[in-house]
Amino acid sequence: DLDSVVAELRQLIRGLVSERVFLLSHSVGAIVASMVDTEDAVAGLICFGYPFKHPERADESYRTAYLPLVTKPFLISQGDRDDYATAEASRSYRLSPSTVVVGVHASHGYDVLGSPEYDTCRELVFNFLKTTPLQ
């Protein structure tokens, strides 16, 4: 269940030797990451394909409840063919001021990225890591 996964991630983060970490996630992993951003060691969050809304279900609050509460820098790379919401569709959800959603040419799975899209995603991550303070 989601609560036990969150508890396990908190325990892992607290046991790390490193003082600061970035959480890199995909899909439901970003839901978990958004729930642990309050951990002191977390410097920022990066997600590829946030699952805002399951394409075959009504809105489920657990998917977006923590998004307005995220305090750490949060980069979401959202595919323009993502069934769980495009970057444009993500604007209908409440997000924290520390969250940035960037649209890329990809599906939810990021399984077929051509060279230009891969380079775009790589640059997004590198720029985010270079510009996000570790404090």
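The values are calculated or read from the model by the stated rules, or taken from the named source; none is laboratory data. Quantities reported herein were computed from a predicted structural model and do not represent experimental measurements. Every residue, glycine as well, gets a Cβ built from its backbone with ideal geometry; the counts of neighbours run over all protein chains shown. These area figures cover heavy atoms from the full protein model, side chains too; ligands, DNA and RNA do not enter into them. Shrake-Rupley method; radii C 1.70, N 1.55, O 1.52, S 1.80 Å.
Starting from the range 44-128, pick out the GluC sites (Glu not before Pro) whose DSSP state is loop and whose Cβ has at most 11 other Cβ atoms within 10 Å.
When the GluC sites (Glu not before Pro) of the range 44-128 are filtered for loop state and at most 11 Cβ neighbours within 10 Å, E56 remain.
Using the per-residue mean of other Cβ atoms lying within 10 Å as a proxy for protection, in what order, highest first, do the peptides 68-76, 21-29 fall?
Result, highest mean first: 68-76, 21-29.
If you take the beta carbon distance between A41 and S115 as r and set R0 to 35 Å, what does 1/(1 + (r/R0)^6) give as a FRET efficiency, to the nearest 0.05? Before the final figure, lay out the partial values.
On the way: r = 34 Å, r/R0 = 0.98.
According to the calculation, E is roughly 0.50.
For the range 1-75 and the range 94-135, what is the centre-to-centre distance using only Cα atoms, to the nearest Å?
Comparing the Cα centres of the range 1-75 and the range 94-135, I get a distance of 16 Å.
With each pseudo-label sitting 7 Å past Cα toward Cβ, what's the S18-E60 distance in nm, one decimal?
According to this spin-label approximation, the distance is 2.9 nm.
Give the shape of the range 77-122 as rounded, prolate or oblate, defined through the alpha-carbon gyration tensor: a ≥ b ≥ c are the square roots of its eigenvalues, a/c under 1.5 means rounded, and otherwise the shape is prolate if a/b is larger than b/c and oblate if not.
It comes out oblate by the Cα gyration axes.
Pick out, in residue order, every one of the trypsin sites (Lys or Arg not before Pro) in the range 35-80 that is DSSP loop and has at most 10 other C-beta atoms within 10 Å; say none if there are none.
Loop-located and lightly packed - R57.
Keeping the other protein chains in place, figure out the carbon and sulfur percent of the accessible area of the chain, with a 1.4 Å probe.
That fraction is 55 percent.
I need the peptides 45-51, 31-37 ranked by packing, meaning the mean over residues of other C-beta atoms within 10 angstrom, with the highest value on top.
Going by the mean number of other Cβ atoms within 10 Å, highest first, we get 45-51, 31-37.
Are there any GluC sites (Glu not before Pro) in the range 8-46 that are in a DSSP loop and have at most 13 other Cβ atoms within 10 Å? List them by number.
Answer in residue order: E19.
Under a crude label model (7 Å from the Cα following the beta-carbon direction), how far is V28 from V5 in nanometres?
For V28 paired with V5, the spin-label model returns 0.4 nm.
Does the range 1-77 come out rounded, prolate or oblate by the C-alpha gyration tensor, with a ≥ b ≥ c the root eigenvalues, rounded set by a/c under 1.5 and, if not, prolate when a/b is larger than b/c and oblate if not?
The shape class here is prolate.
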